[in-house]
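Visitor: First, the structure itself, so that you have it in front of you.
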Amino acid sequence: MATSATDYHGQTSYDRHKLDGHFPDWANKPNLCKKYPNLKTVPLHHEGIPDEKLSQVIGKKEMAKNSGSVSLKQLCQIFSLAYPLTVKSHYPGGEFLHRSVPSAGGLFPCELYATLENVPDLDDGLYHYSVDQHSLVQLRGGKFLGYDVMTSHSEASGKESRPLMSFFITAIFFRSAWKYRDRSYRYHLLDTGHLLENLLLPLKALGLRFEIHYDFDDSKANHFLGLDSQKEVCLAMVRVLGNQTSPKASAENIEDLPETCQNASQVSPKEIQYPELWKIHSATSLVRPSPDPPQDMISQTGRVPDSWEKIPQPEKWPREMSYAQSVLTRRSLRNFADQTLSESHFKALLAMLCAGDRHDAFQENSVCMGFIAGNVENIEPGSYWVDRAESSVGLIRAGNWISSMTHICLDQDWLARAAVHFFFAVNLEALEQTWGPRGYRYAMLTAGRLGQRLYLGATAMGLGCCGIGAFYDQEASALSDLNPESRMLYLLGAGQVKKQF
Ligand SMILES: Cc1cc2nc3c(=O)[nH]c(=O)nc-3n(C[C@H](O)[C@H](O)[C@H](O)COP(=O)(O)O)c2cc1C
């Protein structure tokens with residue numbers, strides 16, 4: 001049983017010589033949309049958003065001021081872009097409803113909740129967002145924004161200002177475990193990262209100031225949301241900051257929600273328990289007091305480049321669709337054309353990946369980003385690190401490693417035609433020494449967040465992108481010249497595609 005992220009990651013590694021076939025039980029396929037019986041439901045409108053380009057929204061700096069209130073229209077805008085159903089695709093056995101975010105295996109473990117107060121025409125309370133109905137299901141009535149789910153070690157900033165609303169992202173273990181078994185905690189975290197980034201974008205577009213919380217008291221948050229915490233757990237939280245100060249948040253006991261709410265965390269009639277998932281989740285539950293300042297993770301993770309080259313934004317930004325259109329048309333595209341990715345497209349993707357964050361935020365420095373350039377204009381083929389704070393890249397090893405990496409990614413052949421593979425990696429031991437096992441959450445969530453940017457950036461510019469969670473772990477680390485304690489966490493192929501959907 002894994003009690004550290006290093007152990008968990010090692011135990012759930014794929015090995016070319018030991019991969020056992022697993023056939024998911026189709027009769028027990030989990031439902032993809034959580035249902036609560038007999039609770040009050042508030043339908044939402046589909047609302048557009050000001051017609052900004054994706055790069056403008058991603059690049060927005062933190063708002064200087066908190067907002068006074070949130071309107072119902074703004075709330076609808078947020079949900080219409082954060083986690084909506086988007087397009088239908090048809091396959092021989094039926095149809096599939098895509099969403100604004102990708103998800104490993106299309107299993108969508110994530111659920112979205114919000115605590116809302118003082119939104120005109122909406123009762124105060126805790127709500128669950130029903131993806132298929134585009135509606136809010138009221139779980140609690142009353143004012144709960146003052147309820148404290150933080151630990152005494154959670155980040156201090158903003159605690160004194162009363163949030164305007166709070167969002168919680170959870171993952172239901174069995175949805176992904178049905179197919180990926182013990183390895184699925186990786187995907188719970190990556191998928192949560194994708195959704196988290198996609199939730200932040202409408203907040204940025206609407207000029208709302210927010211804080212991301214990776215650190216909170218897991219059991220308080222799960223209890224507040226009424227989850228069966230053996231089956232569903234909270235993994236990320238966002239607070240939109242208001243301009244009113246509040247009395248110290250209250251940590252008083254809060255009522256249990258009825259059992260029917262907890263039962264809603266069950267998504268299949270016959271769920272198999274994967275104790276390893278609960279074990280790694282518990283291992284990552286502890287929040288370390290006052291984390292050390294960010295470390296230079298790249299030097300601890302792999303070979304340090306001899307030199308770094310600044311990659312400026314493209315002189316002429318490529319044509320780009322609006323932010324909303326990018327979200328609503330995003331798909332995983334695998335039909336890569338064997339074509340050179342232009343310098344301006346590459347620079348624009350990189351600019352979006354490096355943009356607008358708090359580079360000092362320790363969680364965002366918990367993972368290293370690199371790429372394998374295969375067919376990119378004016379970039380020597382090879383593997384590179386990216387220094388996101390400096391927008392610079394450094395060559396790790398020259399050579400065209402795209403087909404070797406494709407072989408490592410379970411021979412998903414279409415990846416060989418992608419112009420570039422972006423990857424995220426970390427020294428797991430250094431991560432845990434610095435932040436404890438919870439550091440694993442920071443690294444995976446950040447990788448998922450940046451993965452979402454890459455997907456949307458590619459979509460906006462008419463390129464393709466697809467995430468890859470399936471690879472032979474040891475081989476992937478070796479190819480990227482990582483230190484023995486380091487591992488690749490996630491990879492995404494990007495490049496020109498033959499045709500758009
Ligand atoms: C964490 C993660 C891992 C993924 N791994 C793979 C993969 O190994 N191979 C693949 O073809 N697609 C992979 N995908 C893409 C999903 O299969 C895809 O998102 C899902 O089928 C829904 O389709 P859509 O993205 O077109 O809406 C991955 C996506 C995510 C977010």
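The values are calculated or read from the model by the stated rules, or taken from the named source; none is laboratory data. Note that the structure is a prediction, hence the values are computed from the model and not measured. Glycine gets a Cβ as well: all are built from the backbone with ideal geometry, and neighbour counts include every protein chain shown. Surface accessibility is based on the protein's heavy atoms, side chains included, excluding ligands, DNA and RNA. Shrake-Rupley method; radii C 1.70, N 1.55, O 1.52, S 1.80 Å.
Visitor: State which residue is farthest from the ligand (Cβ to nearest atom) when the search covers only the stretch 326-347 and only residues that are in a helix (DSSP H, G or I) and polar (S, T, N, Q).
Guide: Of everything passing the filter in the stretch 326-347, Ser344 is farthest from the ligand (Cβ to nearest atom).
Visitor: Can you confirm whether Ala419 is modelled with pLDDT of 95 or more, within 23 Å of Ala5 (Cβ to Cβ) and surrounded by 23 or more Cβ atoms within 10 Å (Cβ to Cβ)?
Guide: Details: modelled with pLDDT of 95 or more: yes; within 23 Å of Ala5 (Cβ to Cβ): no; surrounded by 23 or more Cβ atoms within 10 Å (Cβ to Cβ): yes.
Against the criterion (modelled with pLDDT of 95 or more, within 23 Å of Ala5 (Cβ to Cβ) and surrounded by 23 or more Cβ atoms within 10 Å (Cβ to Cβ)), Ala419 does not qualify.
Visitor: Considering each of Lys73, Lys61 in turn, give the residue that is farther than 25 Å from Gly469 by Cα, loosely packed, with under 15 Cβ neighbours inside 10 Å and within 21 Å of the chain's Cα centre (by Cα).
Guide: The unique qualifying residue is Lys61.
Visitor: Could you list, in sequence order, all residues of the stretch 446-475 that are more than 12 Å from the ligand (Cβ to nearest atom), within 20 Å of Pro381 (Cβ to Cβ) and open to solvent by less than 10 Å² (accessible area, probe 1.4 Å)?
Guide: Listed by number, the list holds a single entry, Leu463.
Visitor: Could you list, in sequence order, all residues of the stretch 79-99 that are near the ligand (Cβ under 9 Å from one of its atoms) and more than 22 Å from the chain's Cα centre (by Cα)?
Guide: Ser89
Visitor: Hand me the list of strands (runs of 3 or more DSSP E) wholly inside the stretch 53-122 holding 3 or more residues that are of a type outside the set (A, V, I, L, M), at pLDDT below 95 and over 30 Å from Trp317 (Cα atoms).
Guide: Correct list: 85-91, 94-99.
Visitor: Output yes when any residue across the stretch 226-239 is open to solvent by less than 10 Å² (accessible area, probe 1.4 Å), within 16 Å of the ligand (Cβ to nearest atom) and in a strand (DSSP E or B), and no when none is.
Guide: Looking for residues that are open to solvent by less than 10 Å² (accessible area, probe 1.4 Å), within 16 Å of the ligand (Cβ to nearest atom) and in a strand (DSSP E or B), one finds at least one in the stretch 226-239, hence yes.
Visitor: On the basis of being touching a Phe, Trp or Tyr at 6+ places or on another chain (Cβ under 7 Å), within 16 Å of the ligand (Cβ to nearest atom) and at pLDDT 95 or above, does Arg175 make the cut?
Guide: yes
Visitor: Okay, moving on. Among the listed residues Lys40, Lys60, Lys29, Lys53, which satisfies the condition of being outside the structural domain of Asp123 (by TED's automatic domain parsing), more than 30 Å from Ser477 (Cα to Cα) and in contact (Cβ under 8 Å) with a residue 40 or more places away in the chain?
Guide: Lys29
Visitor: Check Leu126, Leu107 and return the single one that is in contact with a Phe, Trp or Tyr (Cβ under 6 Å, 6 or more places away or on another chain) and buried (at least 18 other Cβ atoms within 10 Å of the Cβ).
Guide: So the residue among Leu126, Leu107 that is in contact with a Phe, Trp or Tyr (Cβ under 6 Å, 6 or more places away or on another chain) and buried (at least 18 other Cβ atoms within 10 Å of the Cβ) is Leu126.
Visitor: So His45 passes all but one of these: (1) closer than 17 Å to Tyr129 by Cα; (2) touching a helix residue (DSSP H, G or I) at 6+ places or on another chain (Cβ under 6 Å); (3) open to solvent by less than 40 Å² (accessible area, probe 1.4 Å). Which condition number does it fail?
Guide: Only one criterion in (1) closer than 17 Å to Tyr129 by Cα; (2) touching a helix residue (DSSP H, G or I) at 6+ places or on another chain (Cβ under 6 Å); (3) open to solvent by less than 40 Å² (accessible area, probe 1.4 Å) is unmet by His45, namely (3).
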